[in-house]
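Scroll down for the structure; my scribbles are underneath it.
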Amino acid sequence: MENNTFVVEQANLKRDASVITDFQLKLAFESEDLKLNSKTVEVGVEHVFKNPHVGTYYVALKNEKVVASLLTLKEWSDWRARNVLWIHSVYVDSEFRRTGIFKSMYQHLQEIVDGSDELAGLRLYVDKSNQVAIDTYHFLEMNKEHYHLFEWLK
């Protein structure tokens, strides 16, 4: 998908892995004040590229520079007999925030879902204190009407 200032496309290992790794380190620090181990994140990002059944990265490029990325993961829904795409690890370079990049990335994913008989929809989770993101998701007509997220992490 392309608009007049940037392109949204599936990421590739050679061009995008190091940028996505850097984005994930920044995301963890900015959103949760976590300093992640860069080598661990690098291995984690590369694992997705080398094992496409795990997930798919998408990037937004401006003048051929990666300025945003996100990860999609499939979750089987027995209620729908199709997969739901979960959006994870959304990061937009600070210089390009509030420019519509995430909206374009989201619309790109909607087009993928709309064109697939194997996909039922999109989901994501957001830190409850991230009001800017929550407002963005509401603007895109996503809702939080159905579920609460619970987790246990080792």
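The values are calculated or read from the model by the stated rules, or taken from the named source; none is laboratory data. Since this is a predicted model, take the numbers as computed values, not measurements. All Cβ positions, glycine included, derive from the backbone under ideal geometry; neighbour counts span all protein chains shown.
Of all positions in segment 8-16, at least one carries a residue that is without any contact (Cβ under 8 Å) to a residue 40 or more places away in the chain, over 23 Å from Val126 (Cα atoms) and of a type in the set (A, V, I, L, M). Here segment 97-146 is the region considered, the condition is being part of a strand (DSSP E or B) and modelled with pLDDT of 90 or more, and the residue that is nearest to the chain's Cα centre (by Cα) is Leu122. Flag: Thr72 does not match the condition of being at pLDDT below 95 and among the β-branched types (Val, Ile, Thr).
Quickly run through segment 49-63 and pick out the residues that are assigned to a loop (DSSP other than H, G, I, E, B) and either crowded, with 16+ Cβ neighbours inside 10 Å or in contact with a His (Cβ under 8 Å, 6 or more places away or on another chain) (or both).
If the condition is that a residue be assigned to a loop (DSSP other than H, G, I, E, B) and either crowded, with 16+ Cβ neighbours inside 10 Å or in contact with a His (Cβ under 8 Å, 6 or more places away or on another chain) (or both), then Val54, Gly55 are the ones that fit.
Taking the condition closer than 29 Å to Glu118 by Cα and buried (at least 18 other Cβ atoms within 10 Å of the Cβ), does Ala68 pass? Yes, satisfied.
Specify which of the listed residues (Thr21, Thr5) is among the hydroxyl-bearing types (Ser, Thr, Tyr) and modelled with pLDDT of 95 or more.
Thr21
Residue count for segment 24-48, restricted to those that are modelled with pLDDT of 95 or more and either closer than 13 Å to Glu64 by Cα or among the polar types (S, T, N, Q) (or both): 4.
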